[in-house]
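Undergrad: I'd like to ask some things about the structure below.
The values are calculated or read from the model by the stated rules, or taken from the named source; none is laboratory data. For clarity, every value in this text was computed on a predicted model and none was experimentally measured. Here Cβ is always computed from backbone atoms with ideal geometry, including for glycine, and neighbour counts include all displayed protein chains.
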Amino acid sequence: MTRRSHVGGMRLLVRSVAADVSISVLVAVLTLVLACAAGLVPRALDTLRADEVRYAADSLSAPQRDVTSATSLPTGAALPEFSELGDTLASTRRQAAPALRALLGDPHTVMRSEFVPADPPARLTDPPGQLQVEFAADPDYRDHIKLRSGKLPKAWTVPSEAADAQSYVLDLSKDAPVDFVLSEATARTMHLQVGDVLTVSNDGLTLRVRVSGLFDPVDASGDYWANTPTVTVANHYDNGDDINRYTGTGFVDPATVRALEAVHLGIGITMWFPVAAAAVTPQRAEGIVDGIRALAAAQIKLPDSVGYQLRSPVSSELDDALTASLARIGTAESLLALLASGPLGVVIAVFALGVRAVVDRRSAAYTLAAARGASGRQLRAAAALEGLATGLPAAVLGAVAAALLLPAGGGAAAWLAPLAAGLVPAALFALLGAHRGFRTTRGDLSALGRGRGRLIVEAVVVGLAVVAALLLVRRGPIAQAGLDPLLALTPLLLALAVSVLVLRLLPVVLRVAHTAARRSRGLIGFLGSARAVRDPALGVSAALAVVVGVCVAVFSSGVLATIDAGTQHAALSELGADVVATGAVFDAPARSAVARTSGVTHVAAIGPADATSLGVPNGQSDGITALLADTDALHAVRQAVPGGLGRRVDGEIPVVISHDLVQAHPIGSDGHLGVVDVRIVGEAPNDSRLGPDGSWVLADAAFAKELASTGFQPDRLLITTNSVTDATAAAAAVKKAQPAAVVRDAASVVTAAHAAPANGGLLTGTLAAAAAGALLAAIAVFAGSAAASASRNRTVAMLRTMGLAPRGALGLVAWELVPIVCAATAVGAALGLALPRLVTATTDLTPFTGGTGPVAVHTDWGRAGLIVLGFLAVTGVATLVAVLLARRADPARTVKMGAE
Amino acid sequence: MSDIAIQCRDLVRIFAAEGVEVQALQGLTLTVERGELTAIVGASGSGKSTLLNILSGLDVPTAGQAHVAGHDLLAMRERDRVAYRRHTVGFVWQQTARNLIPYLTATENIALTLAVAGVPRRNRRARAQELLELLDIGELADRLPVQLSGGQQQRVAIAVALANEPEVLLADEPTGELDEANSALVLEAMRGVNERLGVTVLIVTHDPGVSEHVRRTVQIRDGRTSTETLRRTELTDAGEEQHVAEEFAVLDRVGRLQLPPDYVAALELRERVRLSLEPDRVEVRKGDDE
């Protein structure tokens, strides 16, 4: 059988690639995965940023978000015209920073009088209570209302006789009352209807006002009404004196407001630009923050017609919310970069292994071509072409897969990054392919020059790692880290440095083992240790992969545990217990009902005592909060608060005081709580949060008779439970016993803290990094083992012809993999445990955990142990697979092939 | 152009492993003239493959001098080496599998070598066919190596080695894996190209049978050339062809020579010998011979 021969260079290359395509497929798959990840990361980050700033904008209500300016005119200032204000606002918008300008909607201006008491109309024989009204004017108010009954208000001017000096004592509107329209809801609450005339009095003048019509708001939930809530509904309140008060706001004709000012009603101006939350994008976020702050600094200059150089202050909560959001994004990105740099390093290392395996397969052809005169450049070009042919289609597929998985965001980076990933195989092929050369080399015959080169590279790596770590630690935490190359690269450098140390120190240990093995009679120990020293199966790249993979997996679990514990800690210290119930009096039956709930471990009840002062012989603190509690139960819930205050000490009531009071009231001193003599026996930290501030005194409920006139009436329950689900059950039990109670549990605080998209993104990223790290490290072991298979299979086959038992082969392969993998795993795990300390020292994690204090490192030993064990199991499997493959190699054929 | 194709003087090559040092060549001296067909014969480990690797530009000597077709092998830079391998030397190795790329046909193997040297594509097929015809295997052009016998493979390998018209053809145990008949075919093919193309051929082998096919055989021992056998055909007085082989000891630049082992054994020469200069010869006698 013959085939048609080709003489074209490209056809020859294609034939050469097609001849042995299996590992090329592996490299292509690796490229595809890398390209897909490279496409996903920019998209995911973009989505994360967009979600995060949207979350920040959406979590604010419209009035909080809108750029608002409110001012009241000083006495003597002239009221500006609406049109003048409109021009001012238009120019303000024109001059705003572009990012902010894109956000600002058409401005609104509402002028409002002060609230004035109003006598109800005569027809109301039984008014609902005291009425107060306020008049609002907006030139565009008709756009926002639907008139339901009556008419729109007519413009009102001050009657001519008002020019009289005595006019303000006159009833200015006896015949022509001031018209205004009310919302139907307001009218209903205030028992008013169309045509009702109210008499308002201010500053001695009397003004008649008439409800000319009733309206319903157009788009009641829209931005306009969110900024003018008093116009849509009347407010009802009492001051605890059993007098019902109602306040309502109605629109007058825009022209009327000038007349109202003329009769000495104080007028305030509120102007605002609606901010479209949907237009808040990550790209604009910083511009928006700067724009708002610039506007707030400059304020809005009111028209000159006012007669004063008046500036109206500008406010919005959007800038602070976006700043916090950007901080979260920055921290998340810096942590994600930190987590990604390791796996990226491993990916390159694993790639190098895969490419090396391909190049090894091609080495016969490369060697021959080189011997026949192919130059390094020709070999590199051929290898690079093969790399391109392998990488680019896979990269395109990966990019498309990423686009299908996450269609949104990413921009050009989402396509360029996968293509760059597609070039990685070509680069590695060119790099490794050319180095193969034509001379077959033995791993143990290291040329002197190469050894020196390696030493220099290693010294540089270790030096860089040390310098980077020192720089980071000296720099300390920075508020808004963002993508910080130093922070991102340091763990990779550290991992490289410890890999170098492993590869340098392990041979020393192995040599000692080898020396020992020479004295013993066993072949396997001798040969195994000799091969491990002279022909190591796993080189720098595989060792690096294992170190980094294990390190990243352990590190990720540490970051998660730290953030989880930090969030939990912040939530607990904010609440004071797993479940906190307030807002009702929890009597004994209610307390015991809660205590009986399964999963509830302790219930501590806290109630008020009468005293507001704590006195000692040389002084007295006023304004303290005196508390009663079952102190034994409270101690069980909050260990920091001393318990056992139920028995008198030397005949006096023992009390515990908050830390802030200790200076003035030393522990052990006698004093008096209100009028009752007490002995100060202990203190509790301020963050026990028993009182509203740092000044409180706690006594046991056993002394309720002496300390509280009403007895022990606990208005707060602190509950500890066994688990999160028990906390939910406990919360339900409290609600059942006391429906009015407000119940919060730590889990819901944690959930709220986790709600920010950056948290979710960080969680996903951390888990992905952990999985990627573990997976890559496993691949590295398999790939490294596969790359070394030729030499191993030959050795095993040769030994089998000499009568090596199968168990011997296992021992031989174990010597190859186990020492290096164990050492790399141990070092990687140690580095992974240490890195969270570097992170907490250099990155502020509070944007994620909530709370204020520094976040303590928390290690999840169980998870870290599982990762290490899992990893060793992977190594075991790799060893077994290698042995099985080695035993499949045909000894006859292998031996016939002869020496290399 | 000088008439010397290969000139080696005091060549030393030392391999160093961890704690082990092997001196493969210990001051080897060899001169091969242009157009000569020479065999280098030696036992395993005598250093002959090391010599060939150096001559082919694949390895660099530790010390000494080596010139091939005017190229100084110690002074060549990488780029010179590439050109040297392309145009100055061609090789054939012992393992037939190592000479040819297994998934390329005979023509393609030759074409690859031509492509490497930048021969235009249109000329490659004709050149490949010409070479294969020269070696009497023109009909095997489209066969894969696996479809060829060992002897055929080695002849394709010779064709590949000659593709870019080298001045020197180096062969390392070209018959090592072949039976006698195939060996003879391959060696005759080499003699054929030597005669027809005038290319200098150097064959390294441990097979003493090779010397039957070449005019000059150089023995190499412990990293040095020891003796040479020159073979010529004479006509006897009766007009018959007669093969005459004469063995010479190699005298190096500083006057050292190696005595053949059988001479040493026959006279039980040990440690010290007596030398005496006669008008036309040097005599070597046992040291205790009085």
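Undergrad: Filter segment B:60-69 down to residues that are β-branched (Val, Ile, Thr) and more than 12 Å from chain A (Cβ to nearest Cβ) and give me whichever is surrounded by the most Cβ atoms within 10 Å (Cβ to Cβ). Before the answer, list the steps.
TA: First pass over segment B:60-69, keeping only residues β-branched (Val, Ile, Thr): B:60, B:62, B:68.
Keeping just the survivors that are more than 12 Å from chain A (Cβ to nearest Cβ) gives B:62, B:68.
Details: B:THR62: 16, B:VAL68: 26.
Among them, the one singled out is B:VAL68.
Undergrad: Can you tell me which residues in segment A:363-396 are of a type in the set (Val, Ile, Thr) and surrounded by 24 or more Cβ atoms within 10 Å (Cβ to Cβ)?
TA: If we filter segment A:363-396 for residues that are of a type in the set (Val, Ile, Thr), which is where we start, we get A:367, A:390, A:396.
Selection gives A:THR390 alone.
Undergrad: Of the residues in segment B:104-140, how many are at the interface with chain A (Cβ under 7 Å from one of its Cβ atoms) and closer than 13 Å to B:GLN153 by Cα?
TA: 3
Undergrad: Follow-up. From A:VAL27, A:VAL14, grab the single residue that is in a helix (DSSP H, G or I), modelled with pLDDT under 85 and closer than 30 Å to A:LEU336 by Cα. Reasoning before the result, please.
TA: On the way: A:VAL14 fails: closer than 30 Å to A:LEU336 by Cα.
Just a single option satisfies the conditions, and that option is A:VAL27.
Undergrad: Among the residues that make up segment A:81-101, is at least one of them crowded, with 16+ Cβ neighbours inside 10 Å, outside the structural domain of A:THR228 (by TED's automatic domain parsing) and in a loop (DSSP other than H, G, I, E, B)?
TA: yes
Undergrad: Looking at (1) part of a helix (DSSP H, G or I); (2) within 14 Å of chain B (Cβ to nearest Cβ), find the lone condition where A:GLN64 falls short.
TA: That leaves (2) as the condition not met.
Undergrad: Looking at this structure, is A:LEU776 of a type outside the set (Ser, Thr, Tyr), in contact with a helix residue (DSSP H, G or I) (Cβ under 6 Å, 6 or more places away or on another chain) and either surrounded by fewer than 18 Cβ atoms within 10 Å (Cβ to Cβ) or assigned to a helix (DSSP H, G or I) (or both)? Steps first, please.
TA: Values: of a type outside the set (Ser, Thr, Tyr): yes; in contact with a helix residue (DSSP H, G or I) (Cβ under 6 Å, 6 or more places away or on another chain): yes; either surrounded by fewer than 18 Cβ atoms within 10 Å (Cβ to Cβ) or assigned to a helix (DSSP H, G or I) (or both): yes.
Yes, satisfied.
Undergrad: Still on this structure, please answer the following. Go through (1) under 23 Å from B:LEU202 (Cβ atoms); (2) surrounded by fewer than 21 Cβ atoms within 10 Å (Cβ to Cβ); (3) basic (Lys, Arg) for B:ARG155 and report which single condition fails.
TA: Every listed condition holds for B:ARG155 apart from (2).
Undergrad: May I pose another question? Considering only segment A:344-361, I want to know if a residue exists there that is out of contact with any His (no Cβ under 8 Å at 6 or more places or on another chain), among the hydrophobic types (A, V, I, L, M, F, W, C), surrounded by fewer than 22 Cβ atoms within 10 Å (Cβ to Cβ) and without any contact (Cβ under 8 Å) to a residue 24 or more places away in the chain.
TA: no
Undergrad: Now a separate question. Could you give every pair whose Cβ atoms fall below 7 Å, whose first residue belongs to segment B:155-184 and is closer than 23 Å to B:GLY70 by Cα, and whose second residue is among the hydroxyl-bearing types (Ser, Thr, Tyr) and assigned to a loop (DSSP other than H, G, I, E, B), counting only separations of at least 6 or pairs across chains?
TA: That search, which allows pairs on different chains as well, returns B:LEU170/B:SER56.
Undergrad: Count, please, the residues in segment B:126-167 that happen to be closer than 13 Å to A:ARG372 by Cα and not in a loop (DSSP other than H, G, I, E, B). Write out each step before concluding.
TA: Just the residues of segment B:126-167 that are closer than 13 Å to A:ARG372 by Cα, to begin with: B:157-166.
Subsequent filtering for residues that are not in a loop (DSSP other than H, G, I, E, B) retains B:157-162.
Number satisfying all stated conditions: 6.
Undergrad: For segment A:793-851, give me each residue that is in a loop (DSSP other than H, G, I, E, B) and either of a type outside the set (D, E, K, R) or not assigned by TED's automatic domain parsing to the domain that holds A:THR567 (or both). Give the steps one after another, and end with the answer.
TA: Within segment A:793-851, the subset in a loop (DSSP other than H, G, I, E, B) is A:802-805, A:844-845, A:850-851.
Once the filter is applied, which keeps residues that are in a loop (DSSP other than H, G, I, E, B) and either of a type outside the set (D, E, K, R) or not assigned by TED's automatic domain parsing to the domain that holds A:THR567 (or both), segment A:793-851 yields A:MET802, A:GLY803, A:LEU804, A:ALA805, A:LEU845, A:GLY850, A:GLY851.
Undergrad: Examine segment B:142-162 for a residue that is charged (D, E, K, R) and within 13 Å of another protein chain (Cβ to nearest Cβ), and state whether such a residue exists.
TA: Kept after step one, since they are charged (D, E, K, R), are these residues of segment B:142-162: B:142-143, B:155.
Retained after the next criterion (residues that are within 13 Å of another protein chain (Cβ to nearest Cβ)): B:142-143.
Taking every residue of segment B:142-162 in turn, at least one turns out to be charged (D, E, K, R) and within 13 Å of another protein chain (Cβ to nearest Cβ).
Undergrad: Related question: Given A:ARG245, A:ARG328, which one is among the basic types (Lys, Arg), within 30 Å of A:PRO153 (Cα to Cα) and not assigned by TED's automatic domain parsing to the domain that holds A:ALA78?
TA: Numbers: A:ARG328 fails: within 30 Å of A:PRO153 (Cα to Cα).
So the residue among A:ARG245, A:ARG328 that is among the basic types (Lys, Arg), within 30 Å of A:PRO153 (Cα to Cα) and not assigned by TED's automatic domain parsing to the domain that holds A:ALA78 is A:ARG245.
Undergrad: Let me ask something additional. Among the strands (runs of 3 or more DSSP E) lying completely within segment B:1-105, list those that include at least 2 residues that are modelled with pLDDT under 85 and either outside the structural domain of B:ALA171 (by TED's automatic domain parsing) or over 25 Å from B:THR217 (Cβ atoms) (or both). Break it down stepwise before answering.
TA: Working: elements: B:4-17, B:20-33, B:37-41, B:63-68, B:89-92.
Correct list: B:4-17, B:20-33.
Undergrad: Restricting attention to segment B:72-98, which residues are surrounded by fewer than 19 Cβ atoms within 10 Å (Cβ to Cβ) and under 25 Å from B:ARG191 (Cβ atoms)?
TA: Scanning segment B:72-98 gives B:HIS87, B:GLN95, B:ALA97, B:ARG98.
Undergrad: Quick check: anything in segment B:99-114 under 19 Å from the mean Cα position of the chain (by Cα) and buried (at least 20 other Cβ atoms within 10 Å of the Cβ)?
TA: So in segment B:99-114, the residues under 19 Å from the mean Cα position of the chain (by Cα) come out as B:99.
Filter once more, keeping what is buried (at least 20 other Cβ atoms within 10 Å of the Cβ): B:99.
The answer is yes; a qualifying residue exists.
Undergrad: Sticking with this one: Just one of (1) assigned to a helix (DSSP H, G or I); (2) more than 26 Å from A:ALA381 (Cα to Cα); (3) out of contact with any Pro (no Cβ under 6 Å at 6 or more places or on another chain) trips up B:VAL186, so point out which.
TA: Checking B:VAL186 against (1) assigned to a helix (DSSP H, G or I); (2) more than 26 Å from A:ALA381 (Cα to Cα); (3) out of contact with any Pro (no Cβ under 6 Å at 6 or more places or on another chain), the one that fails is (3).
Undergrad: Return only the number of the condition from (1) buried (at least 16 other Cβ atoms within 10 Å of the Cβ); (2) touching a residue at least 60 places away in the same chain (Cβ under 8 Å) that A:SER598 does not satisfy.
TA: Among (1) buried (at least 16 other Cβ atoms within 10 Å of the Cβ); (2) touching a residue at least 60 places away in the same chain (Cβ under 8 Å), the lone unmet condition for A:SER598 is (1).
Undergrad: Within segment A:690-769, which helices (runs of 4 or more DSSP H) (wholly inside it) include 2 or more residues that are at pLDDT below 80 and either farther than 30 Å from A:GLN663 by Cα or over 25 Å from the mean Cα position of the chain (by Cα) (or both)?
TA: Per the criteria, A:724-737, A:746-754.
Undergrad: Could you tell me which of the residues A:ALA545, A:ALA532 is assigned to a helix (DSSP H, G or I), small (Gly, Ala, Ser) and in contact with an Asp or Glu (Cβ under 8 Å, 6 or more places away or on another chain)?
TA: Values: A:ALA545 fails: in contact with an Asp or Glu (Cβ under 8 Å, 6 or more places away or on another chain).
Going through A:ALA545, A:ALA532 in turn, the sole match is A:ALA532.
Undergrad: Of the conditions (1) more than 30 Å from B:ALA128 (Cα to Cα); (2) within 14 Å of chain B (Cβ to nearest Cβ), A:VAL7 clears all except one; give me its number.
TA: (1)
Undergrad: Further question on the same structure: Going by what's in this entry, would A:ARG245 be described as closer than 30 Å to A:ALA78 by Cβ, among the charged types (D, E, K, R) and touching a Phe, Trp or Tyr at 6+ places or on another chain (Cβ under 8 Å)? So that I can check it myself, show each step before the final result.
TA: On the way: closer than 30 Å to A:ALA78 by Cβ: no; among the charged types (D, E, K, R): yes; touching a Phe, Trp or Tyr at 6+ places or on another chain (Cβ under 8 Å): yes.
Judged against the criteria, A:ARG245 is not a match.
Undergrad: So which residues in segment B:70-103 are over 13 Å from A:SER375 (Cβ atoms), within 11 Å of chain A (Cβ to nearest Cβ) and among the hydroxyl-bearing types (Ser, Thr, Tyr)?
TA: If the condition is that a residue be over 13 Å from A:SER375 (Cβ atoms), within 11 Å of chain A (Cβ to nearest Cβ) and among the hydroxyl-bearing types (Ser, Thr, Tyr), then B:THR88, B:TYR103 are the ones that fit.
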